[in-house]
Amino acid sequence: MRKILVGIKRVVDYNVRVRVKPDGSGVVTDGVKMSVNPFDEIALEEALRIRERGEAAEVVAVSIGPDDAQQQLRTALAMGADRAILVKTDAALEPLAAAKAFLAVISKENPDLVIVGKQAIDDDAAQTGPMIAALWDRPQATFASKVEIKGTTATIVREVDAGLETIEVDLPAVISADLRLNEPRYVKLPDIMKAKKKPLDVIDLASLGVSAEAGLKCVLVEPPKPRAKGIMVKDVAELVDALKKKGLV
Amino acid sequence: MSKILVIAEHDGTKLSQATARCVTCASQVPGAEVTVAVFAADPAAVAAQAAALNGVAAVVTVAAGHNAHALAATLAPQVVKLAAGYSHVFGPSTSFGKDLMPRVAALLGVPQISDAMSVEGTHRFKRPTYAGNAIVTLEAPADRTVVATVRTASFEAATAGGNAPISAASVEATLPTHTRFVSISAPQATDRPDLSSAAKVVSGGRALASKENFALIFSLAGKIGGAVGASRAAVDAGYASNELQVGQTGKIIAPELYIAVGISGAIQHLTGIKDAKTIVAINKDPEAPIFEVSDLGLVGDLFQVLPEMEKLLG
Ligand SMILES: Cc1cc2nc3c(=O)[nH]c(=O)nc-3n(C[C@H](O)[C@H](O)[C@H](O)COP(=O)(O)OP(=O)(O)OC[C@H]3O[C@@H](n4cnc5c(N)ncnc54)[C@H](O)[C@@H]3O)c2cc1C
């Protein structure tokens, strides 16, 4: 195949303990470490492996987000993407709008495969992959833990609640990456230097004719209710006793 | 009135408990009239189970060979056709619902509410974000279909006792042929309870250190009649199979009792167990974050604690 597009979202790093703003308008992101969504790294790694097996010619990283998302696209380029596209918007796009923006890029780039993460760890919505596939009217293979390309089809093993499901899809298709699809490579310093010279195009969301307006109104953001403080028991006997008293064993 | 269509999750013979929980969420929407839709090759058995749930007003079945396996690309156009006349379309936030519902929402051209955890009004719902560290209240537009997945751990399963009428629908939709089911490999059926719905769960983490040692977790679970869970680290290392993973990217569960053995308590793990009634933590590190959420904590070496526990449980 010629081309794979990979979605790269800029998110709060997974090690950050996220705090809700006191006014309930959102979470604190100022001065917080931002990273590539971990599932998108897995998506990119898979695309790179497909290219390295000689089954694809080009891997293009696509981010939809603020100007700063160029940092995450540079990381993607350092990992090995050939070029990158930023669809710039300062709005926090809903998955449906992100999927529409992605579709606009798809219609320009005509990829044979789109790989995204199964969810972004900020809003945890897990919608964008299937929504792209729906708007594109193409197959979706969500929660992929194994991908095999066979000419114009792909066979995908999916992590479903019951176990592992295998499906076959015609290309082009959308795949969403689960945790066990692969282990993303580490970026080496020379790769970071090389990535600086790779092409990164910035296009404005508005120029794609996609509205950034949210369909859902965010009424309030609040911290979760804390659990009541528990107790420490001194030994196994005390633990078993406590469980028996609660009628749990 | 809120006319709510709940898309049933099933394996061809059995309605999932997640669907029964989804029905409970749907019933809580003000003015709810809940219809369960069963797409299957032969929907009779599943439809009967759905009709027996309290809170279900009607069941519609769509019987077709192409519905033998739940493929989102095949189901979504049919759901969209069936959704005409409904104000809400709900599915459980399981791998089935997470695959299907966003495809439905996009075809309808509406935003989706993922993982609804409480109903605040006909169009207003709460949902967790950032691995449960921020709870967002969202309001969906009043003039559009509300598409949502339901965080099943937040709702009790609807009980049996109802007797809703079942009718067959025929749905005219152009179906794609670009997506084909090949096979599913489910783990060997056991008499152990299912992780998603079990009242008691014993989970093991990286500390188990091998697949062989993980038998200790199975043994304790067997002793108390519980299901087995695992942290991502334990699954990644191959000590436990992937469908046992609990957490942000595994299963979100709400058992009466959750025993975490040799699990540190990363936020991604904790988000999967926050709704457990009683959390027990066994960890040799007194500083482990799991103790911040546990109701009963024991500092100790699991390789001594577990055998002793089994002995005391008799
Ligand atoms: C995008 C993303 C998604 C993720 N999703 C999930 C998810 O869904 N579920 C999940 O679980 N994780 C998830 N993780 C991983 C998570 O961040 C942690 O890495 C993982 O939960 C750690 O597993 P653990 O607690 O078993 O291992 P560790 O963190 O290594 O903890 C092992 C614990 O065992 C204790 N211990 C060691 N030896 C003994 C002994 N002999 N007796 C008693 N205690 C002992 C140690 O003190 C330690 O606390 C995710 C991570 C990312 C980035």
(request) Divide, for segment A:1-70, the radius of gyration over alpha carbons by 2.2 N^0.38 Å, where N is the residue count. (result) 1.43
(message) At 1.4 Å probe size, put A:3, B:98 in order of accessible surface, largest to smallest.
(response) B:98, A:3
(message) Set the bar at 18 Å for Cα to Cα. Now go through B:3/B:81; A:225/B:284; B:98/B:277; A:118/A:146; B:98/B:251; A:245/B:200 and name every pair that lies beyond it.
(response) A:225/B:284; B:98/B:277
(message) List, by residue number, every residue in segment A:1-24 with a reduction of 20 Å² or greater in accessible area between the chain on its own and the complete protein assembly, 1.4 Å probe.
(response) A:14, A:17, A:18
(request) Write down the accessible area per residue of segment A:3-245 in Å², having rolled a 1.4 Å probe over the full set of protein chains. (result) 44
(request) Normalise the Debye intensity by I(0) for chain B, one equal point scatterer per Cα, no solvent, then take log10 at q = 0.12 Å⁻¹ and round to two decimals. (result) -0.83
(message) Quick check: convex hull over the Cα atoms of segment B:187-277, volume per residue in Å³, rounded to an integer?
(response) 79
(request) Before anything else, pin down the relative contact order of segment A:58-117: Cα pairs under 8 Å, at least 6 apart, normalised by residue count, whole percent. (result) 35
(request) Compute the projected area of the convex hull of the Cα atoms of the protein assembly as shown, averaged over all viewing directions, and report it in nm² to one decimal place. (result) 25.2
(request) Check cross-link reach from residue A:198 to the lysines: straight Cα distance under 16 Å, and skip same-chain residues fewer than eight apart. (result) A:188
(message) Please list, short to long, the whole-number percent of alpha-carbon pairs of chain A in consecutive 5 angstrom bins beginning at zero.
(response) 1, 6, 12, 16, 17, 14, 10, 7, 5, 4, 3, 3, 1, 0
(request) Only counting protein heavy atoms at a 1.4 Å probe, give the residues of segment A:176-203, ordered by number, whose accessible area falls by 50 Å² or more when the other protein chains are present relative to the chain alone. (result) A:179, A:180
(request) Just the number, please: buried accessible area between A and B, total of both chains, 1.4 angstrom probe, nearest 100 square angstrom. (result) 6700
(request) For peptide A:219-225, compute the average count of partner chain beta-carbon atoms within 10 Å of each residue's beta-carbon. (result) 6
(message) Greater than 32 Å separation of Cα atoms is the criterion. Which listed pairs, A:9/A:197; A:229/B:14; A:9/B:126, meet it?
(response) A:229/B:14
(message) Which three extents, in angstrom, do the Cα atoms of segment A:114-197 have along their principal axes, listed largest first?
(response) 41, 34, 28
(request) Between beta-carbons, use under 10 Å as the cut-off and find the net charge around residue B:252, counting Lys and Arg +1, Asp and Glu -1. (result) +1
(request) Summarise the accessible area of the protein assembly as shown (1.4 Å probe, protein heavy atoms) by the percent that is carbon and sulfur. (result) 52
(request) Mind jotting down the three principal axis lengths of segment B:2-168 based on Cα atoms? Whole angstrom, largest first. (result) 41, 34, 30
(request) Before rounding to the nearest 500, sum -39500 (n - 2.57) across all DSSP H runs of length at least 4 in chain B and divide by the residue total; then give [θ] at 222 nm in deg cm²/dmol. (result) -7000 deg cm²/dmol
(request) Enter the accessible area per residue of segment B:244-283 (Å², integer; probe 1.4 Å; all protein chains in place). (result) 21
(message) Averaging the inverse of every distinct alpha carbon separation and then flipping it gives the Kirkwood radius. What is it for segment A:101-155, in angstrom units?
(response) 12.3
(request) Kindly list the residues of segment B:225-256 that lie in the label zone of residue B:213, defined by a backbone N under 12 Å from the point 7 Å along the Cα-to-C-beta vector. (result) B:234, B:239
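The values are calculated or read from the model by the stated rules, or taken from the named source; none is laboratory data. Since the structure is predicted, the reported quantities are computational estimates derived from the model, not experimental observations. Glycine gets a Cβ as well: all are built from the backbone with ideal geometry, and neighbour counts include every protein chain shown. Note: areas computed on protein heavy atoms with side chains; ligands, DNA, RNA excluded. Shrake-Rupley method; radii C 1.70, N 1.55, O 1.52, S 1.80 Å.
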